[in-house]
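The values are calculated or read from the model by the stated rules, or taken from the named source; none is laboratory data. Small disclaimer: the values here were computed from a predicted structure and weren't measured. Cβ placement follows ideal geometry from the backbone for every residue including glycine, while neighbour counts extend to all protein chains displayed. When the accessible area is computed, the model is the full protein with side chains, heavy atoms only, and any ligands, DNA or RNA have been set aside. Shrake-Rupley method; radii C 1.70, N 1.55, O 1.52, S 1.80 Å.
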Amino acid sequence: MTRDRAWATLTRYTTSESLLRHALAVEASTRSYARRFGEDEELWGCTALLHDFDYEIHPTLDRHPQDGAPILREEGYPEELIEAVLSHAEHVGIPRDTPLKKTLFACDELSGFVHACGLVRPTGLEGLEPKSVRKKLKQPSFAAGVHRDEVYAGAELLGLELDEHIANVVAALRPVAAELGLAAA
């Protein structure tokens, strides 16, 4: 399993620029935590890249991500990756009982939210502080598709204060800001 292979799978099923950028953001934050926790960065990064790979072909909760799992199995991805992908979706009900599952869940919604915060700032992610992100979290109309309860639950799952988790995700996304369309103006 390599990043190149995971990217090829992702791009075979996903054409939306926003979904590809989301995958890159979640990959960056999940890889960052893999390094922090001394875990398998390649496995964690590939899992993050693939967590929403089937969303364009299965965009409803009755199909995503559960209908994508057989595709990943057919392509020979390890069960650890597949089970983590399944666990990131609240409605599937798979326990988040490993560091990978907890981290993927914790990084998914927050990475998307931090990305949205960067998009509305002239400096992108540069200078983005947890306080500003928390303020935006309190505005239901901003990035309305982000489940705020999952942002808070994710930090709790990792045993981190929300501000620390936000700071970690912002720091993880900065090196890939250009790929995310967040290069400072």
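The table below lists the values:
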read-out: Computed label-point distance, nm, for sites SER18 and GLU129 using a 7 Å Cα→Cβ extension; value: 3.0 nm
read-out: C-alpha center-to-center spacing [the range 83-114, the range 127-185] in angstrom; value: 15 Å
read-out: Net dipole in debye of the chain [+1 Lys, Arg Cβ; -1 Asp, Glu Cβ; about Cα centre; nearest 20]; value: 740 debye
read-out: Residue (of GLY159, GLY181, GLY112) at the positive-pole extreme of the chain, dipole from beta-carbon charges; value: GLY181
read-out: Using a Förster distance of 35 Å, the FRET efficiency for SER141-GLU164 (Cβ separation, nearest 0.05); value: 0.85
read-out: Computed over the range 54-111: relative contact order in percent, which uses C-alpha pairs under 8 Å that are six or more apart; value: 23 percent
read-out: The chain - percent of accessible surface contributed by carbon and sulfur, probe 1.4 Å; value: 52 percent
read-out: Total charge dipole magnitude, the range 1-99, about the Cα centre, Cβ charges on Lys, Arg, Asp, Glu only, Debye to nearest 20; value: 300 debye
read-out: Within a Gaussian network of the chain (alpha carbon springs, distance under 10 Å), most fluctuating of HIS64, HIS91, HIS115; value: HIS91
read-out: Solvent-accessible area per residue for the chain (1.4 angstrom probe, square angstrom); value: 46 Å²
read-out: Extension gain, THR2 back to GLU80 (0.36 nm per residue minus Cα-Cα distance, nm); value: 26.6 nm
read-out: Folded to 0 to 90 degrees: helix 148-158 orientation relative to the chain principal axis, Cα; value: 80 degrees
read-out: Electrostatic dipole magnitude of the range 53-112 [Cβ: Lys, Arg +1; Asp, Glu -1; Cα centre; debye, to 20]; value: 180 debye
read-out: List VAL170, VAL92, ordered by accessible area with a 1.4 Å probe, largest first; value: VAL92, VAL170
read-out: Relative contact order, percent, the chain [alpha-carbon distance under 8 Å, six or more residues apart]; value: 24 percent
